[in-house]
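The structure under discussion appears below in the form of structure tokens.
Nothing in this text is a laboratory measurement; each read-out follows from the coordinates by a stated rule. Note that this is a predicted model, so its numbers are computed, not measured. Counting neighbours? That spans all protein chains shown, and the Cβs are built from the backbone with ideal geometry, glycine included.
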Amino acid sequence: MTLRKVPINPGVSVLGVLKHLNYKEWFAIAEFVDNSVQSFRANRNALAAAGSRYLRVQILISDDGIIRIEDNAAGIPLSEFPRAFRPAQAPEDASGLSEFGMGMKSAACWFAPRWSVRTKALGEAVERTVEFDISSIVDQSIEELDADERPALEQSHYTVVELRDVVRLPRTKTLGKIREHLSDIYRQFIREGWLQLEIKGEALKYDEPPILHQPPEWDKEAGPIEWHKEIDFDFGQGKSAKGFAALFATASTRRAGFALFRRGRLIQGSADEGFKPQAIFGSANSFRRQRLFGELELEGFEVSHTKDGFQWDESEQEAFLELLKERLAEEPVPLLKQADDFRARKAKNELAVVAQKAAAETAHDAEKGLVSASIDRDVSRVVLEKEPEDNARELADEHFEATIDGQKWEVHVQPTVDDAERDWLRVVDSQLEDGTRKILIRVSAHHPFSVRFIDDDERAWQVMLRTAASIAIGQLLAKLGSKEAALGASATVRGVNKALKGMSE
């Protein structure tokens, strides 16, 4: 027998494979939002005529394993049903956000083994519901599903996707990241005012970061410049980039980097995952990674089917980065030079807000750390070396009390600002009249290490203060062992201070 034709249509078994995709929760949820946005934009005039000028997408997440995505877009018309629910069946018009014919199916299967779509199309008098049970569909090779139909008001329009028995149910920390990433991904539509995106009843918003407004660092006599410039370049074959680049007024390593868009929707660089190619941003400790950011709309580039990255080859990316770097360095607003040279010395009140919160949380955790570390020590030889207190200017003073070996300890965590202070960490050890041992753990916000790497980044402050408190606790407990141990511990802290100063200048 001669085999003349080979079937290559995707079978329903592909649905069972989709749960293994390498999604992140926010990009999976974005697939549903993309469908809502595309439906609204494609039917904007008809929706406006029906009285709907704004798109509202609600994402409801319950603790009983259900995620529901509801919108007031144009719904799925009957004519689209043969395509909308088939894997890899692209729409006739693939110029919008729904281009691969996989988004809703892949995201739904990634989240849950059972899901449904209930939709009412604008201008139709019928609501239709389709139920998916992936295990049954795959096991029985089911190729057709029944659509439940019921009458509905012709002027209504909506789609409700419900995911049940969710295997990747977002919890508190992940919910925060989802909110942050989706606010970034859809920032342009939120800015334009026609998209209201809600998660668990909370409307998302995008906060525009303040831009640096200072004289050039190399010419302080010059007038202040707003460190922002428009970017627009074309590098042939239908490929172009357009947007802006700027410097943060307040440094933020976490938020720096470029956000890359396509068709108004962010593809790469949301939240703390900014696009920071080394060719432009330099090493991990560069000042550019603290202040440089921007938004670029790219045309002519393909994206991954999960829409979380651009599909460009090495030569394309090199050409893009070379042209971008040239624009960033150009006068009269040389962003790269200013980012490299600018140093902000924060006022005490600006640093105090961040330092106060970080100090409070560090003191809370340090109490547990001190008690835990003090167990099972050799305390046969106790040496208590008194150190006089001095007059540092504290940004915050958070303290806790603990009892170690029958002695009361009062431990203070104090971020400080003092230009005369050379050390990053000082541990001031004294004894009060009632016998209480008073410890001050002081960390300098004006030390070169703090200025260069911490600035007013709250998460960085948390890391710095916890690290300092851990070193201090280690020194204090070593002092309770022997004179030799006490000398060694003090020498270690002095060595840490010297090393940090040398590495930060």
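Things to note:
- Net charge of the neighbourhood of CYS109, taken over other residues with C-beta under 13 Å away and scored Lys/Arg +1, Asp/Glu -1, is +2.
- Note on region 150-176 and region 185-210: Cα centroid distance 19 Å, given to the nearest whole angstrom.
- Distance violations [Cα-Cα > 23 Å] among LYS173/LYS205; LYS408/LYS479; LYS19/LYS239; LYS229/LYS337; LYS24/LYS357: LYS19/LYS239; LYS24/LYS357
- 5 angstrom amide H check on PHE287, placed H, neighbours 5+ away: none
- Taking the Cα centre of region 239-346 as origin and assigning +1 to Lys and Arg Cβ atoms and -1 to Asp and Glu Cβ atoms, the resulting dipole is close to 720 debye.
- Descending by average beta-carbon neighbour count within 10 Å, the peptides 232-240, 316-324 line up as 316-324, 232-240, the highest first.
- Of the peptides 32-40, 173-181, the ranking by mean beta-carbon count within 10 Å, highest at the top, reads 32-40, 173-181.
- Ordering of 247-253, 472-478, 194-200 by packing [mean C-beta count within 10 Å, highest first]: 247-253, 472-478, 194-200
- Net charge of the neighbourhood of LYS24, taken over other residues with C-beta under 11 Å away and scored Lys/Arg +1, Asp/Glu -1, is -1.
- Separation of alpha-carbon centers, region 300-337 and region 395-453, rounded to whole Å: 46
- Taking Cα centre as origin and charging only the Cβ of basic (Lys, Arg, +1) and acidic (Asp, Glu, -1) residues, the dipole magnitude of region 172-294 rounds to 540 debye.
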